[in-house]
């Protein structure tokens, strides 16, 4: 059991912003568990980080596989006895998603089941471990596309991005943040929705404005919140709360 470092699980951490979050947390002295569906890619990420002098470990966790989520929680309990940080980063998009009149229902279902229901299952499985922490932190990786207000504002840059499944999945994730923050009020665990902005990742074909190194900074900041932290927020920059 590691009693000297904070323990973090980052889902979908074998590449992209998830891996960069893992890298920055490890540089901050956190022991990071690289969660991924594909163990070959997860081990490659661990090796990459090791080449930079950063110690991490890999763990198979698939948001669409309840047995893998249960096994992951059991393994963390056995090896570490607690979890201090959970970054719910894993998520998908689908080329068949689109406006309500065109989005394929099966695509919307896949997105919701992964981005929301899968994240809910991971969170439920990890909560007993987070309760063993003196200061548990949950970061739900959201998006401004999950804001009902911004989606309905014709002057918003997000107004034209009508991805029914993806946007709805992030709105649902925000509801999880609100409800969980209230349920955990008075405990040592805080939970926030963090939007990293439009970051260059595989999800958007790297067609975005923000480099992954910059996009990871805010989620890492909220994963490392110190004493008297805010909970139940929807944040895109440190001083910018996004309307629900």
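Under the condition of being modelled with pLDDT of 95 or more, in a loop (DSSP other than H, G, I, E, B) and in contact with a helix residue (DSSP H, G or I) (Cβ under 7 Å, 6 or more places away or on another chain), the residues counted in the range 209-244 number 2.
For the range 117-134, state whether one or more residues are modelled with pLDDT of 95 or more, closer than 19 Å to residue 215 by Cα, under 13 Å from the mean Cα position of the chain (by Cα) and crowded, with 16+ Cβ neighbours inside 10 Å. Within the range 117-134, not a single residue is modelled with pLDDT of 95 or more, closer than 19 Å to residue 215 by Cα, under 13 Å from the mean Cα position of the chain (by Cα) and crowded, with 16+ Cβ neighbours inside 10 Å.
At least 3 residues being closer than 21 Å to residue 8 by Cα is the threshold, and among the helices (runs of 4 or more DSSP H) wholly inside the range 94-208 those reaching it are 119-130, 164-183. Return yes or no: is residue 147 surrounded by 15 or more Cβ atoms within 10 Å (Cβ to Cβ), touching a residue at least 60 places away in the same chain (Cβ under 8 Å) and under 23 Å from residue 37 (Cβ atoms)? Answer is no for this residue. Examine the range 32-41 for a residue that is within 17 Å of residue 224 (Cα to Cα) and at pLDDT below 95, and state whether such a residue exists. No, the conditions are met nowhere in the range 32-41.
Selection of the range 181-201 for residues being in contact with a helix residue (DSSP H, G or I) (Cβ under 7 Å, 6 or more places away or on another chain), over 12 Å from residue 136 (Cα atoms) and at pLDDT 95 or above yields 193, 194.
Let's see how each residue does on (1) under 14 Å from the mean Cα position of the chain (by Cα); (2) assigned to a helix (DSSP H, G or I):
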| residue | (1), (2) |
| --- | --- |
| 8 | yes, no |
| 17 | yes, yes |
| 23 | no, yes |
| 41 | no, yes |
| 44 | no, yes |
| 69 | no, yes |
| 75 | no, yes |
| 78 | no, yes |
| 87 | yes, no |
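For the range 49-65, a residue qualifies if it is in a helix (DSSP H, G or I) and surrounded by 15 or more Cβ atoms within 10 Å (Cβ to Cβ), and exactly one does: 49.
The values are calculated or read from the model by the stated rules, or taken from the named source; none is laboratory data. Small disclaimer: the values here were computed from a predicted structure and weren't measured. Here the Cβ is made from the backbone with ideal geometry for all residues, glycine too, and neighbour counts use every protein chain on show.
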